[in-house]
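Worksheet: the structure to be examined is printed underneath.
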Amino acid sequence: MKLKISGFRYFNATAPNEKTVSVSEGTVLEQLLVELGLEPDVIGYFILNGTPLKRGAIIPEGGNLKLIPFLSGG
């Protein structure tokens, strides 16, 4: 299945912001992020089609995944 992922620029300034990847059925979100070279612990929120996901969630079929960093400030 295809999954459109956005938010890469938050974690790598030289990367394109969006990427479409093929995901096998039963893939766990955290596993996918590692395969893409991202560190899951620095990502604050995972939103799939408007619904929050947990790191250990199995990715449902298709859609749009947004990666959102932790918010910080002083």
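With only the Cα atoms considered, the chain has a convex hull volume of 88 Å³ per residue. Here the spin labels are modelled as points 7 Å beyond Cα on the Cα-Cβ line, and at THR51 and VAL28 they lie 2.0 nm apart. For the chain, relative contact order (Cα pairs under 8 Å, six or more residues apart, normalised by length) works out to 39 percent.
No lab work stands behind these numbers, since they all come straight from the coordinates. Only a predicted model underlies this, so the values are computations on that prediction, with no experimental measurement involved. All Cβ positions, even for glycine, are placed from backbone atoms using ideal geometry, and neighbour counts span all protein chains on display.
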